[in-house]
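The values are calculated or read from the model by the stated rules, or taken from the named source; none is laboratory data. Since we're looking at a predicted model, the values are computed, not measured. Please note: Cβ atoms are built from the backbone with ideal geometry, for glycine as well, and neighbour counts cover all protein chains shown. Just the protein is used for accessible areas: all its heavy atoms, side chains included, with ligands, DNA and RNA removed. Shrake-Rupley method; radii C 1.70, N 1.55, O 1.52, S 1.80 Å.
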Amino acid sequence: MGSSIQRKLVAAAARAQKGAVAPYSQFKVGAAVLTRRGRIITGANVESASYGLTCCAERVALFRALTSGFRDLVAVAVVAPTPGGPMPCGACRQLLAEYAPQAAVWVADSRDLARARRFTVRELLPRAFVLTPAARA
Ligand code: THU
């Protein structure tokens, strides 16, 4: 992926932080996914008073893309005000492994977008669970 589209994706994730609904943690995360044809779809975290129901920015962006019909996802960017950028949680890694296994994952501190770090989904979740049902009789 060229560095200009990478920067564009990280910038889109940074802008998406404004959409975060994070009244409990005040920690605003933005995410953006890139399709093979260059379309960018963004998301931000949404928190619940029942904390476990909170949905991370990565999953909001991923679900928006998938439910809008996009399947060919080549990169994901995640931005939050934390040193080195926010590493996706286990739940998000599982979903990325299922729906964007080939994607590059860019992680950036919102105060230092130029220092985005790149990971592969395989690096983030080696030996991911995949459902291979036993053959039915
Ligand atoms: N969060 C994300 O949206 N993505 C991450 O990669 C890490 C955590 C959110 C969940 C919660 O709303 C807040 O950050 C604090 O954990």
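General remarks:
- Legend: calculated FRET efficiency, Gln26 to Ile5, from the Cβ-Cβ distance at R0 = 22 Å, rounded to 0.05, equals 0.10.
- Of all DSSP beta bridges in the chain, antiparallel share, percent nearest 5: 70 percent
- Surface exposure of region 3-121, expressed per residue as accessible area with a 1.4 Å probe, stands at 50 Å².
- Distribution of pairwise C-alpha distances over region 3-121, 5 Å bins, in %: 2, 14, 25, 27, 19, 9, 3, 0
- Region 1-82 - percent of accessible surface contributed by carbon and sulfur, probe 1.4 Å: 53 percent
- Taking 20 Å as the cut-off, the amide N atoms of region 59-77 that come nearer than this to a point 7 Å along the Cα-to-beta-carbon line of Val130 belong to 66, 71-76.
- Pairs of Cα atoms nearer than 8 Å and 6+ residues apart set the relative contact order; for region 91-137 it is 39 percent.
- Protection proxy ranking, peptides 78-90, 117-129, 47-59, 5-17, average beta carbon neighbours within 10 Å, highest first: 5-17, 78-90, 47-59, 117-129
- Using the Cβ-Cβ distance between Glu123 and Ala91 with R0 = 25 Å, the FRET efficiency computed as 1/(1 + (r/R0)^6) comes to roughly 0.90.
- With the cut-off at under 12 Å, measuring from each backbone N in region 10-38 to a point 7 Å along the Cα-to-Cβ line of Arg111 picks out no residue.
- Length added when fully stretched, Asp72-Gln102, from 0.36 nm per residue minus Cα-Cα: 9.9 nm
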